[in-house]
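One structure is given below, encoded as structure tokens.
Every number here is computed from the coordinates shown, using simple stated rules; none is lab data. Everything numeric here is computed off the predicted structure, so don't read it as measured data. Because the Cβ atoms are built from the backbone with ideal geometry, glycine has one as well, and the counts that use them run over all protein chains shown.
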Amino acid sequence: GPIAYRVNLMSAWFAALAALMTYLITYLIVTEFPAKSRLERVVQPVVAMTAALTFAFSITHWRQAVIAEVYALNAFLCGLILAIMLYWRRCQPRPRARSERSERIEKRGLLYLVALLFGLGFGNHQTIILFSVAAAYLVLVTTPRILRQAVPLLLILACFGLGVSVYALIPLRAAAHPPINWGHATTLRQFTWLVSREGYKYAPKGHAVRALWNDALGRPPLNDAPETSDGLPPA
């Protein structure tokens, strides 16, 4: 099909995977401790499925799943990162079947993967970086000794940098003069404008919060959103 169809379908695909991540996250949480009865074991996947379906059919997620936008992919990456972090936390020193060294390498590998996903997610939508605060906190309260190990920290930064390197595609594609060329990022100034989200500094503040509040109270939607400039830098 045409590119527009394929990109919209990609949103639906990642939105479905985000719902799957919701199931996995919930299941990891409710099964953190062994079930005490057969009924509890039966209920656990039902609880996870309920959470996943509730998320899948929520209005905001559904709307973003059927348009060509960044939010479905962002939701999937956040869910995948959280699922990996929960699994990593569960893998903390337990069985002695493996050597201490192999266990340590496996756990670090999951952290490197998370750092790579954060970099890729930052290339999709910068707001995912706020999620890294919670991930870093979980690491620090679980294995605070990692702060004293230079090599793992450097590898985490390297994996994050590798993920962020997707930004290198922007000036390459901008130089080819595509039909849609947001920011015309062919110079350092224009590239900085794009990455720093400078074009959104004129966006209205607080309108979304008021709209959400009115929606929660059953009031009519707002229709007084101020007009904004696109803030594009000079070409």
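Some notes on this structure:
- Approximating the spin labels as points 7 Å out from Cα along Cα→Cβ, the GLU69-to-VAL47 distance works out to 3.1 nm.
- Placing unit charges on the Cβ atoms of the charged side chains and taking the dipole of the chain about its Cα centre, the candidate lying farthest along the positive direction among ALA75, LEU28, PHE160 is LEU28.
- Square roots of five times the Cα gyration tensor eigenvalues for the range 10-59, Å: 25, 10, 7
- Calculated FRET efficiency, LEU169 to LYS36, Cβ-Cβ distance, R0 = 45 Å: about 0.30 to the nearest 0.05.
- The alpha carbons of the range 137-183 give a radius of gyration and a Dmax of 17.7, 50 Å, in that order.
- Of the two radii for the chain, the radius of gyration is 1.02 times the Kirkwood radius, both from the alpha carbons; that is the Rg over Rh value.
- Converting phi to 3J(HN,Hα) with the Karplus coefficients 6.51, -1.76 and 1.60 and the offset θ = phi - 60°, the range 36-43 yields 8, 8, 5, 4, 5, 5, 6, 6 Hz in sequence order, with x at every glycine or proline.
- Between the helical axis of 71-90 and the longest alpha-carbon principal axis of the chain there is an angle of about 20 degrees.
- Counting 0.36 nm for each residue step from ALA211 to LEU140 and taking away their Cα separation leaves a gain of 21.8 nm.
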